[in-house]
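To start, the structure itself, in structure tokens.
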Amino acid sequence: MDGPPNCMKTASTNGPDTCRFCKSTLRHTFVDLGMSPLCESYLRPEQLNEMEPFYPLHVFVCERCFLVQLEEYVSPDHIFSEYAYFSSYSDSWLEHCRSYTEQMVERFALNSQCLVTEIASNDGYLLQYFVEKRIPVLGIEPAANVAKVAADKGVPTLVKFFGTQVAMELARERRLADLLVGNNVLAQVPDLCDFVAAMKMLLKPRGVLTLEFPHLLRLMEGNQFDTIYHEHFSYFSFLAAEKIFDAHDLALFDVEELPTHGGSLRVFGRHADDMSKPITPRVVEMRAKEDAAGLARIESYHSFAERVKETKRELLQCLIRAKDGGKAIVGYGAPGKGNTLLNYCGVGKDFLDYTVDRNPYKQGRFTPGTHIPIYPPERIRETRPDYLLILPWNLRNEIMQQMAFIREWGGQFIVPIPEATICS
Ligand SMILES: [Zn+2]
């Protein structure tokens, strides 16, 4: 190491083969998932015969700061202008948000004089709970169609990409945040340094920021390669996140492990000079845990790619056995991660008759690349398939409960990750 990485001291532009944070040359492959279409580009019927762009899904790990990352193959304007993912369609996710609101209001004594700002606030799925408590909120959301849904719910929303420009405008208007929230957005930021610098600008001197992101340690341990897609530019360990915030004079003073998205971290940050919130023992434990897992050594990242190939072979063997036995398989869900899995494994209509999704935006469309039709969930009761492949495997318990009726005709579930498993 030649001194701590600090993106503020270097140019903000990023070459194709340099680390998004510390600008070191990227020389180590984490995993190469081949070519894939954008995983949220669900196709309308009239688009099925058109050419479809595919981009590489080649992930690198930086040997200096250990940020796992994907090159920015596609501009975020293109990805997020009409984003199909409306957060409000999962019951367990909404419960997670309601409980987060309760905890934050109590722990940080939030009241009607405070401002809670959320970056990538989607359809107001989270801020609605603060609104219920009469705490002022501001959402910042780049996708206009999604922001409109939020505004209709009474969640004031700025339709903008978050960065230093927006943060400066808000700071000038004295709209600084007591609580600044970013859930599952950090991974989607191409200019990481600008984003974290903007968080620093927008936070009140004694304010708290919380971020949730999938934990790289869990991705590696759980073989969750399908959570890699073009919309996710970076994959964070606590170790890498700490380096990035530290470079912007922000300290991560607490961390929680969450079950969401296959295992996430919720980190709590503050200005480095705000001593009113001491570093908790949980931070010390998390550093030790990642260190013990080898996340600070480049060699530890090299075995992941081989395990991903094994997972693909296992899933295919499971599906081939079912088809050879004359069984009907359909999918449940059409999440972004499902599309990485289906494209990488080469699973199309030859295996899955269709998939279903509760999100009306996706119904009547087709999965990108694999062109599997997406129907409302009621279709399953009508066609009585033998197997249901659960694509959002992180919600498998909730889905197996909702879909328990498939057992009436002997139907079974297939969970693809961490390895293909049949659950009757
Ligand atoms: Zn780096």
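Taking every alpha-carbon pair under 8 Å whose residues sit at least 6 apart, the chain reaches a relative contact order of 15 percent.
Once the other residues with Cβ under 13 Å from the Cβ of VAL196 are scored (Lys, Arg +1; Asp, Glu -1), what is the net sum? In short, -2. Calculated FRET efficiency, GLU378 to SER303, Cβ-Cβ distance, R0 = 41 Å: about 0.40 to the nearest 0.05. For SER264, the residues whose amide H sits under 5 Å from its own are HIS215, LEU258, ignoring neighbours fewer than 5 places away on the same chain, with H placed 1.01 Å from N. Between the C-alpha center of segment 215-255 and that of segment 351-424 there is a gap of 29 Å. Shown are TRP409, TRP93, whose ranking by accessible area with a 1.4 Å probe and every protein chain present, most to least, is TRP409, TRP93. ASP91 contributes an accessible area of around 90 Å² to the protein surface, as traced by a 1.4 Å probe with all chains present. Long hydrophobic helices in the chain: the complete DSSP H runs spanning 27 Å or more by Cα along their own axis with mean Kyte-Doolittle hydropathy of at least -1.0 are 304-324. Of all lysines in the structure, the ones whose alpha carbon falls short of 17 Å from that of LYS323, not counting any fewer than 8 places away in one chain, are LYS312, LYS349. Per-peptide packing, taken as the mean over residues of other Cβ atoms within 10 Å, places 49-56, 144-151, 286-293 in the sequence 144-151, 286-293, 49-56 from highest down.
The charge dipole of segment 206-291, taken about its Cα centre with unit charges on the Cβ of Lys, Arg, Asp and Glu (plus for the first two, minus for the last two), comes to roughly 160 debye.
Taking the chain as a Gaussian network of alpha-carbon nodes connected by springs under 10 Å, the highest mean-square fluctuation of the residues ALA197, ALA322, ALA120 belongs to ALA322.
For segment 373-384, backbone phi angles converted through the Karplus equation (6.51, -1.76, 1.60; θ = phi - 60°) give residue-by-residue couplings of x, 10, 10, x, x, 4, 4, 5, 5, 6, 9, 6 Hz, Gly and Pro being listed as x. Applying 1/(1 + (r/R0)^6) with R0 = 60 Å to the Cβ-Cβ distance of ALA109 and ARG313 gives a FRET efficiency near 0.65.
So what's Rg/Rh here for the chain, counting alpha carbon atoms and using the Kirkwood radius for Rh? Here the Rg-to-Rh quotient is 0.96. Taking THR311, THR210, THR25 in turn, the Gaussian network model of the chain (Cα-Cα springs below 10 Å) assigns the largest fluctuation to THR25.
Within the accessible surface of the chain, defined with a 1.4 Å probe on protein heavy atoms only, the carbon and sulfur portion equals 51 percent. Calculated mean residue ellipticity, 222 nm, the chain: -8500 deg cm²/dmol, from DSSP H runs (n ≥ 4) at -39500 (n - 2.57) each, averaged per residue and rounded to 500. Solvent-accessible surface of segment 142-190, averaged per residue with a 1.4 angstrom probe and all protein chains in place: 46 square angstrom. In this structure, the amide hydrogen of SER36, modeled 1.01 Å from its nitrogen in the peptide plane, lies closer than 5 angstrom to those of TYR55, LEU57, counting only residues at least 5 positions away or on a different chain. Per-residue Karplus couplings for segment 51-62, computed as 6.51 cos²θ - 1.76 cosθ + 1.60 with θ equal to phi - 60°, are listed in order as 5, 10, x, 10, 10, x, 10, 10, 9, 10, 10, 7 Hz, Gly and Pro entered as x.
The values are calculated or read from the model by the stated rules, or taken from the named source; none is laboratory data. On a predicted model such as this, the values are computed, not experimentally measured, just so you know. Glycine also receives a Cβ, built like all others from the backbone with ideal geometry; neighbour counts cover every protein chain displayed. SASA here: full protein model, heavy atoms, side chains in, ligands and nucleic acids out. Shrake-Rupley method; radii C 1.70, N 1.55, O 1.52, S 1.80 Å.
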